[in-house]
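Beneath this line is the structure, given in structure tokens, with notes to follow.
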Amino acid sequence: MKSLLWIVLFLLGLAGVVIPLTYLYTASRLPPLESEFDVQKQLKHSIEGERMSLRAGQYEKNPRPVTFQPPDFSRLPKDLVALYIRHLGCPRYFQTPREDGPAWAWRLFAGVTVGTVPPGDGGCERILAMRLAGRLNIEGPLPQTVAAHRLHSFMQKDQLIVYDLSTAYFERGIVGVEDAAYSLFKRELGDLQLAELAELQLALPPFGYYDDLKQCRNPTVIRQNRDMLLEDLAGWKLVSEDRARNAMAQPVSCTRSL
């Protein structure tokens with residue numbers, strides 16, 4: 001029994017040295033991630049380059065700006081946020097406290113070592129932070145996990161959401177939900193109605209219907225899925241039943257010009 005205890009203590013001591021050293025070494029190889037300004041600087045370079053790659057071959061003037069604006073949560077339609085957090089798997093995302101301390105550390109450790117994470121809204125915080133790390137061109141489970149921890153240290157829950165939606169890639173030159181809204185509906189994101197926002201949600205993870213929406217492919221299926229999202233949203237009391245029914249009565253946006 002004594003031998004087993006000594007082995008356990010030795011392994012714990014070894015882990016107490018190896019894990020911090022691994023973290024520090026990995027962190028030293030990452031781009032600067034000390035503040036939101038560091039994130040914006042890196043995103044500005046990559047996203048503006050992506051948008052310019054499309055505009056260079058276009059003859060018609062595109063009214064959407066090329067410049068990357070700092071994401072602002074207040075500009076996001078509340079209905080889109082409600083749809084997004086529901087299908088992220090955390091409909092009560094803003095009703096639970098931000099995860100920190102040992103619970104957050106264990107979530108990251110479990111994700112990178114055993115591939116599964118504990119339940120709870122902290123899982124959505126991890127998903128969002130990991131996605132943002134990937135969009136900063138950080139590759140590999142361990143580097144992305146360390147980067148996610150760094151990002152989470154200075155980003156609040158609303159910032160994680162708005163950065164995720166503002167950096168989502170749809171196709172060449174179309175980055176972020178504001179670009180996608182104009183590409184699909186020829187209107188600004190803030191002008192979209194609930195039915196259109198539900199269609200926009202279909203273009204986002206986990207659905208990925210962007211090409212179908214843009215090409216108006218299978219509008220019957222699009223409508224069925226859109227209405228399913230709206231019915232589900234009302235079921236979670238994230239919108240009223242009347243608003244959901246009114247939105248479900250609308251035709252699919254791409255069929256209005258057919």
Treating only Lys and Arg (+1) and Asp and Glu (-1) as charged, each at its beta carbon, one finds that the stretch 203-258 has a dipole about its Cα centre, in Debye to the nearest 20, of 180
Of C254, C124, ordered by accessible area with the largest first and a 1.4 Å probe, the sequence is C254, C124
Those trypsin sites (Lys or Arg not before Pro) from the stretch 132-235 that are DSSP loop and have at most 14 other Cβ neighbours within 10 Å turn out to be R172, K186, R187, R217
Per residue, the convex hull enclosing the Cα atoms of the stretch 71-115 spans a volume in Å³ of 113
Rounded to the angstrom and largest first, Cα extents along the principal axes for the stretch 200-258 equal 32, 25, 14
Per the stretch 108-169, sqrt(5λ) over the Cα gyration tensor eigenvalues, sorted largest first, in Å, gives 18, 14, 10
For the stretch 125-186, listing GluC sites (Glu not before Pro) in a DSSP loop whose Cβ sees at most 14 other Cβ atoms within 10 Å gives E139
Going residue by residue through the stretch 160-168, the Karplus relation 6.51 cos²θ - 1.76 cosθ + 1.60 with θ = phi - 60° gives ³J(HN,Hα) values, rounded to whole Hz and with x marking Gly or Pro, of 4, 5, 5, 5, 5, 6, 7, 10, 4
Kirkwood calc, the stretch 74-203, C-alpha pairs only, radius in angstrom 15.5
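The values are calculated or read from the model by the stated rules, or taken from the named source; none is laboratory data. This structure is a prediction, so every number in the text was calculated from the model and none was measured. Methodologically, a virtual Cβ is constructed for each residue, glycine included, from the backbone with ideal geometry; neighbour enumeration extends over all protein chains shown. Remember, those area values only see protein heavy atoms, side chains included, never the ligands or the DNA or RNA. Shrake-Rupley method; radii C 1.70, N 1.55, O 1.52, S 1.80 Å.
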